[in-house]
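Worksheet for the structure shown next.
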Ligand SMILES: Cc1cc2nc3c(=O)[nH]c(=O)nc-3n(C[C@H](O)[C@H](O)[C@H](O)COP(=O)(O)OP(=O)(O)OC[C@H]3O[C@@H](n4cnc5c(N)ncnc54)[C@H](O)[C@@H]3O)c2cc1C
């Protein structure tokens with residue numbers, strides 16, 4: 001089957017692909033979105049800081065917590081920053097409504113794309129060919145067409161979670177715990193080798209989401225280790241789950257470099273847009289989509305397909321954002337280089353920074369200089385047992401990352 005030509009072909013039906021496809025369609029472009037599945041609510045649990053969720057997406061929030069805490073020692077640190085959970089069915093519905101009739105969802109798996117004249121012939125695994133002026137790769141962490149470059153190999157965030165009913169609350173009723181690093185129930189050597197924390201959301205009544213999470217590790221922690229850690233933690237707290245409704249396995253890479261401009265436009269996690277320290281991406285993709293779609297639509301009309309893909313890349317990766325990514329990758333190296341039992345002290349200092357500083361450190365578009373200044377301030381405030389490994393991680397970078405920090409401070 002050969003599909004009729006469209007202005008834009010989006011590979012992937014995750015939140016990034018649908019958001020960008022919808023924004024292109026809303027600007028009058030004809031969009032084909034190709035995904036192996038029909039439109040269906042995104043399967044993962046997506047959380048975000050409320051202040052980072054763009055206003056048009058807020059009706060798609062299932063729940064917002066104002067009691068948001070971290071535990072880096074015995075006592076709770078209140079974060080005083082509301083945190084939100086997406087209702088993925090409503091998020092999808094809102095995006096498809098925004099697209100109107102100009103987005104055609106096609107089931108298929110893209111296997112490649114070749115230039116034909118000014119545009120593209122995109123191949124499907126079932127022998128299909130779809131013509132399009134601009135191709136967007138929103139195929140997720142592995143990319144639909146090409147995977148992002150990850151210096152030193154992929155460093156993974158992994159988590160094993162349950163949505164379950166509990167007789168005794170495993171976290172604060174009415175609240176959410178962003179990070180609970182308390183680990184008195186584990187031998188210290190295990191914590192040092194493989195630090196994990198609990199992420200908890202009270203979903204109402206006796207329902208909670210509990211996820212034992214490894215922030216970042218290379219290689220990533222295994223599902224069986226995290227499942228056992230979660231079981232042991234809940235047992236130690238005296239809060240075993242009763243009825244399990246859903247199991248969630250989380251595993252995705254955190255350390256992509258900014259992509260170079262290419263023949264097609266990568267977006268979402270296929271563009272490495274997952275935040276290298278928090279792992280967040282969804283709110284950022286929702287905010288980026290109108291900006292990128294605007295650049296593509298304006299340029300396609302006046303300068304043609306190649307210039308439109310390039311304009312989309314420039315809108316997504318202005319020089320400041322590329323520089324910031326290099327600085328953030330230094331943060332990744334530092335986290336990977338810290339002994340696991342130093343992480344609670346690291347985050348204790350992090351959350352004692354002025355709120356504006358730690359907020360912007362975790363934000364998707366913070367410029368490199370601000371990131372670098374926050375890192376230096378943090379460096380000055382952590383205890384020595386954290387400072388020395390941090391310094392080793394920073395100075396141990398032979399090339400790009402260390403230089404990135406210095407030039408960001410110029
Ligand atoms: C369980 C889990 C929980 C997470 N929690 C959060 C969170 O709380 N907050 C947050 O911001 N981020 C979270 N993340 C990070 C997450 O990866 C991203 O935020 C988000 O899913 C990425 O969106 P995406 O659209 O880029 O890719 P994906 O959601 O991975 O979607 C990729 C799409 O491309 C399709 N596809 C792949 N290859 C092809 C192909 N060759 N042809 C056609 N289609 C193809 C897939 O079928 C899918 O439709 C979580 C990730 C996981 C796995």
Over region 292-312, the set of residues surrounded by fewer than 24 Cβ atoms within 10 Å (Cβ to Cβ) and either outside the structural domain of residue 30 (by TED's automatic domain parsing) or within 16 Å of the ligand (Cβ to nearest atom) (or both) is none
The one condition residue 209 fails out of (1) crowded, with 17+ Cβ neighbours inside 10 Å; (2) under 18 Å from the mean Cα position of the chain (by Cα) is (2)
Among strands (runs of 3 or more DSSP E) completely within region 137-218, the ones holding 3 or more residues that are farther than 26 Å from residue 80 by Cα are 156-166
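Take the conditions outside the structural domain of residue 191 (by TED's automatic domain parsing) and within 20 Å of the chain's Cα centre (by Cα) and apply them to residue 353. Does it pass? Steps first, please.
Values: outside the structural domain of residue 191 (by TED's automatic domain parsing): yes; within 20 Å of the chain's Cα centre (by Cα): no.
The answer is no for residue 353.
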When (1) surrounded by fewer than 22 Cβ atoms within 10 Å (Cβ to Cβ); (2) within 15 Å of the ligand (Cβ to nearest atom); (3) assigned to a loop (DSSP other than H, G, I, E, B) are applied to residue 256, the one that fails is (1)
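Name the residue, out of 122, 134, that is more than 30 Å from residue 277 (Cβ to Cβ), in contact with a helix residue (DSSP H, G or I) (Cβ under 6 Å, 6 or more places away or on another chain) and either modelled with pLDDT under 95 or outside any loop (DSSP other than H, G, I, E, B) (or both).
Working: 122 fails: in contact with a helix residue (DSSP H, G or I) (Cβ under 6 Å, 6 or more places away or on another chain).
On inspection, the qualifying residue turns out to be 134.
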Taking region 102-120 and keeping residues more than 11 Å from the ligand (Cβ to nearest atom) and crowded, with 18+ Cβ neighbours inside 10 Å leaves 102, 103, 104, 119, 120
Before we move on, is residue 103 touching a strand residue (DSSP E or B) at 6+ places or on another chain (Cβ under 7 Å) and not assigned by TED's automatic domain parsing to the domain that holds residue 19?
no
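Select from region 16-31 the residues that are assigned to a loop (DSSP other than H, G, I, E, B) and touching a strand residue (DSSP E or B) at 6+ places or on another chain (Cβ under 6 Å) and list them in ascending order. Before you say what the answer is, go through the steps one by one.
From region 16-31, those assigned to a loop (DSSP other than H, G, I, E, B) are 27-30; that's our starting set.
29, 30 - these are the residues of region 16-31 that are assigned to a loop (DSSP other than H, G, I, E, B) and touching a strand residue (DSSP E or B) at 6+ places or on another chain (Cβ under 6 Å).
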#### Entry: Test result for residue 17, under 30 Å from residue 210 (Cα atoms) and either assigned by TED's automatic domain parsing to the domain that holds residue 353 or within 9 Å of the ligand (Cβ to nearest atom) (or both)
yes
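The values are calculated or read from the model by the stated rules, or taken from the named source; none is laboratory data. What you see is a predicted model, and the numbers here were worked out from it, not measured in a lab. Cβ sites come from the backbone with ideal geometry, for glycine too, and all protein chains shown count toward neighbours.
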